[in-house]
Structure formats: structure tokens, C-alpha cells
1. Inside the range 1-23, can you point out the residues that are open to solvent by 50 Å² or more (accessible area, probe 1.4 Å) and either within 19 Å of Gly78 (Cα to Cα) or touching a residue at least 60 places away in the same chain (Cβ under 8 Å) (or both)?
2. When the range 24-38 is examined, which residues are found to be open to solvent by 10 Å² or more (accessible area, probe 1.4 Å) and either outside any helix (DSSP H, G or I) or within 20 Å of Gly95 (Cα to Cα) (or both)?
3. With the requirement that a residue be of a type outside the set (S, T, N, Q), open to solvent by 60 Å² or more (accessible area, probe 1.4 Å), farther than 19 Å from Arg29 by Cβ and not in a helix (DSSP H, G or I), what does the range 47-67 give you?
4. Only residues that are in contact with a Gly (Cβ under 9 Å, 6 or more places away or on another chain) and either open to solvent by 20 Å² or more (accessible area, probe 1.4 Å) or on the phi > 0 side of the Ramachandran plot (or both): list them for the range 77-97, please.
Amino acid sequence: MEEVTPQEGQRRLQQGALLLDVRESEEFRDVHAQGAQLMPLSTFQENYATLDQDREIVVICRSGARSARAAQFLLDNGYKAVNLEGGTVAWEAQGLPVEKENA
């Protein structure tokens with residue numbers, strides 16, 4: 001499975017990839033990468049089939065572990081997916097845009 005840096009992840013988003021956040025709702029509300037779509041890992045297997053199989057998916061979580069599992073699952077099921085290394089922590093540390101709903 002391919003891992004991409006936050007900068008590479010953002011470049012791919014600008015080229016049309018989907019940023020998929022697999023954390024839980026509370027974590028997502030606290031802070032998430034701007035433009036991310038939430039699909040919690042707890043309900044992921046029931047919902048992943050709604051994703052566009054022809055669009056690249058950049059999967060993100062807090063630090064990269066949960067998103068690696070989800071990205072591998074997507075790859076195993078015929079999707080184009082990569083894992084964002086370092087997750088939201090690295091994304092925010094690099095100064096990339098985030099949204100905070102509980103601010």
C-alpha cells in the first residue's frame with residue numbers, strides 16, 4: 001500500500017482525489033482536514049461501497065494506523081486508495097487547512 005505525505009495528499013486532492021477520514025464523529029468534529037468526508041472505521045465495512053470506485057481515495061485518521069487498515073481494505077476490494085502518513089496530526093503540523101467544529 002502506498003503512503004503519501006500530507007503535501008502529496010493535498011496535491012492529489014487538488015487533482016480530484018477524495019479525502020476520506022475514518023476517525024469517529026467526535027474526533028472529526030474536534031479537527032479535520034479541510035474538505036474531508038467522514039466515514040468512521042466503526043461503520044466502514046457497511047458503507048464503503050457508496051464510494052466511487054473510479055476516484056482515487058486518500059485515507060486519513062489521527063496518526064495513520066486506522067487509515068492504513070481502511071486503505072488496505074479498499075485496495076483489496078478494487079478501489080484506488082493511499083494512506084496519508086502521519087494522519088491529521090501531520091496534516092495540521094504542516095500548516096495545511098483544517099476545520100474545527102468544536103472551537
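1. Passing the criteria: Met1, Glu2, Glu3, Thr5, Gln7.
2. Of the residues in the range 24-38, the ones open to solvent by 10 Å² or more (accessible area, probe 1.4 Å) are 24-31, 34-38.
Of everything in the range 24-38, those that are open to solvent by 10 Å² or more (accessible area, probe 1.4 Å) and either outside any helix (DSSP H, G or I) or within 20 Å of Gly95 (Cα to Cα) (or both) turn out to be Glu24, Glu27, Phe28, Arg29, Asp30, Val31, Gln34, Gly35, Ala36, Gln37, Leu38.
3. Asp52, Asp54, Arg55
4. Of everything in the range 77-97, those that are in contact with a Gly (Cβ under 9 Å, 6 or more places away or on another chain) and either open to solvent by 20 Å² or more (accessible area, probe 1.4 Å) or on the phi > 0 side of the Ramachandran plot (or both) turn out to be Glu85, Gly86, Gly87, Val89, Ala90, Ala93, Gln94, Leu96, Pro97.
Residue by residue, here is whether (1) under 20 Å from Met1 (Cα atoms); (2) over 13 Å from the mean Cα position of the chain (by Cα) holds:
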| site | (1), (2) |
| --- | --- |
| Ser25 | no, yes |
| Gly35 | no, no |
| Leu51 | yes, no |
| Ile57 | yes, no |
| Arg62 | yes, no |
| Arg66 | yes, no |
| Asp76 | yes, yes |
| Val82 | yes, no |
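The values are calculated or read from the model by the stated rules, or taken from the named source; none is laboratory data. These numbers come from a predicted model, not from an experiment. So basically every Cβ, Gly included, is an ideal-geometry build from the backbone, and we count neighbours across all protein chains shown. Just the protein is used for accessible areas: all its heavy atoms, side chains included, with ligands, DNA and RNA removed. Shrake-Rupley method; radii C 1.70, N 1.55, O 1.52, S 1.80 Å.
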